[in-house]
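> There's a structure below that I have some questions on.
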Amino acid sequence: MSGNSIGKIFVLSSFGESHGPAIGGVVDGCPPGLELAEDDLQRDLERRRPGRTRHTSQRREPDRVRILSGVFEGKTTGAPIGLLIDNVDQKTRDYDKIKHIFRPGHADYTYQQKYGIRDYRGGGRSSARETAIRVAAGAIARKYLAGRLGIEIHGYLAQLGPLPLKAVDLSTADDNAFFCADPSRVAELEAFMDELRKSGDSVGARVNVEARGVPPGLGEPVFSRLDADIAGAMMGINAAKGVEIGAGFGSVEQKGSEHRDPMRPDGFVRNNAGGILGGISSGQDILVSVAFKPTSSLRLPVETIDVHGKAVEAVTKGRHDPCVGLRAVPIAEAMLALVLMDHYLRHRAQNQDVACETLPIPGSLAET
């Protein structure tokens, strides 16, 4: 199986399955001298961890990360950083009755077609359990970007099923189980999720993530466009079905006079571009929106086939998120951090000595 790494200079390679003994990863290319401890990674892992509330999967994983290499006396050495998270709460028996059945909406069928063998326990390698390592690696990138460049990355729930949400106060997004940045809507979201769980069904979500303080110049104009790499990283998150940068699909209804972002000496007037022009960061806030599909693992019966191609009925038991988007915020933040970190190091390698007579103008004058 290939395709388990992301990045060109700052590279994360992950390994492990949902019901294996552990998941892990290797971060290569991290600059030396960064102060780093396990607690620096644990905060974001705690935000992603299952079982924190009644609205997410009740799998009880402490998600304690261990740094196995690449850090000496509290600082990164430039050597590969080995990360390991033990799996401690697997319930493989939950999947015994469906191990010969393809769950609709899952990767079961495509894995079997591609490899001729699959790990049916919780989806194996295709499980979102693997994203815990991305969050840990993303925390390394976030600390470097914040400390050296002042880049801040924030995510929040922008829509839960039919309920659109506004970012009234980003500082409150971590104060509730939904990463909702509008405290007045939390009770409504709780009632919606309680009814959803009773019905046995699931729902999708939209997650917005933004990066502030990104300098202009990150990204390349053709195949390594910053927006293309961000979109690829976000689509690499389990259950992601769509990505928008800036105005996104809303730009279809805009006229050119509305969409373009006028520039003044004191900043950009708007940010429909989402902080990226021609594949290169403009210095505006990077604005990304990701759509996540509803969870396919349901106790409601559905038509499917078994490994022999015979018609059967599937009922999925076990512990599953009724809305995967509720734990996707720290994952999306981590993926954005990984891409920005990699592009910063690539930009520094080639363009560190570039002198531009035009000084960077401030970010958008409008609220994002």
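The values are calculated or read from the model by the stated rules, or taken from the named source; none is laboratory data. Please read all numbers here as calculations on a predicted model, not as lab measurements. Every residue, glycine among them, receives a Cβ derived from its backbone with ideal geometry; neighbour counts consider all protein chains shown.
> What number goes with the only condition from (1) within 17 Å of residue 334 (Cα to Cα); (2) modelled with pLDDT under 95 that residue 203 does not pass?
Condition not satisfied by residue 203: (1).
> In region 226-249, which residues are loosely packed, with under 13 Cβ neighbours inside 10 Å and in a helix (DSSP H, G or I)? Let's see the steps before the verdict.
Here is the first cut: in region 226-249, the residues loosely packed, with under 13 Cβ neighbours inside 10 Å are 241, 249.
If the condition is that a residue be loosely packed, with under 13 Cβ neighbours inside 10 Å and in a helix (DSSP H, G or I), then 249 is the only one that fits.
> When you look at residue 287, is it among the hydrophobic types (A, V, I, L, M, F, W, C) and either within 18 Å of residue 103 (Cα to Cα) or in a helix (DSSP H, G or I) (or both), yes or no? Full working, then the answer.
On the way: among the hydrophobic types (A, V, I, L, M, F, W, C): yes; either within 18 Å of residue 103 (Cα to Cα) or in a helix (DSSP H, G or I) (or both): no.
It is false that residue 287 is among the hydrophobic types (A, V, I, L, M, F, W, C) and either within 18 Å of residue 103 (Cα to Cα) or in a helix (DSSP H, G or I) (or both).
> What pairs come out if I take residues in region 216-245 that are hydroxyl-bearing (Ser, Thr, Tyr) and pair them with residues that are at pLDDT 95 or above whose C-beta lies under 9 Å away, six or more apart or interchain?
Every condition considered, the pairs that remain are 224/8; 224/279; 224/343; 224/346.
> Here are the criteria: (1) without any contact (Cβ under 8 Å) to a residue 40 or more places away in the chain; (2) more than 30 Å from residue 198 (Cβ to Cβ); (3) loosely packed, with under 14 Cβ neighbours inside 10 Å. Tell me which single one residue 266 does not satisfy.
For residue 266, the failing item is (1).
> Of the residues in region 1-25, how many are free of Cβ contacts under 8 Å to residues at least 60 places away in the same chain and crowded, with 20+ Cβ neighbours inside 10 Å?
Matching residues across region 1-25 total 0.
> With the checklist (1) surrounded by 14 or more Cβ atoms within 10 Å (Cβ to Cβ); (2) closer than 25 Å to residue 127 by Cα; (3) basic (Lys, Arg) in hand, flag the one item residue 299 doesn't pass.
(1)
> Has region 330-350 got any residue that is over 22 Å from residue 134 (Cβ atoms) and assigned to a loop (DSSP other than H, G, I, E, B)?
no
> Which condition number does residue 297 fail, the rest of (1) assigned to a helix (DSSP H, G or I); (2) small (Gly, Ala, Ser); (3) more than 26 Å from residue 147 (Cβ to Cβ) being met?
Here residue 297 meets the rest and fails (1).
> Looking only at region 164-199, which residues are in contact (Cβ under 8 Å) with a residue 60 or more places away in the chain and closer than 22 Å to residue 241 by Cα?
178, 179, 193, 196
> Answer yes or no: is there a residue in region 301-312 that is closer than 29 Å to residue 346 by Cβ and outside any helix (DSSP H, G or I).
Step one: list which residues in region 301-312 are closer than 29 Å to residue 346 by Cβ, which gives none.
Within region 301-312, none of the residues are closer than 29 Å to residue 346 by Cβ and outside any helix (DSSP H, G or I).
> Which of the numbered conditions does residue 82 fail, given that it passes all the others? Conditions: (1) in a strand (DSSP E or B); (2) of a type outside the set (A, V, I, L, M, F, W, C); (3) within 18 Å of residue 49 (Cβ to Cβ).
Among (1) in a strand (DSSP E or B); (2) of a type outside the set (A, V, I, L, M, F, W, C); (3) within 18 Å of residue 49 (Cβ to Cβ), the lone unmet condition for residue 82 is (3).
> Among the listed residues 173, 181, 205, 177, which satisfies the condition of being touching a Phe, Trp or Tyr at 6+ places or on another chain (Cβ under 6 Å) and within 22 Å of residue 298 (Cβ to Cβ)? First the steps, then the outcome.
Values: 173 fails: within 22 Å of residue 298 (Cβ to Cβ); 181 fails: within 22 Å of residue 298 (Cβ to Cβ); 177 fails: touching a Phe, Trp or Tyr at 6+ places or on another chain (Cβ under 6 Å).
Going through 173, 181, 205, 177 in turn, just one is touching a Phe, Trp or Tyr at 6+ places or on another chain (Cβ under 6 Å) and within 22 Å of residue 298 (Cβ to Cβ): 205.
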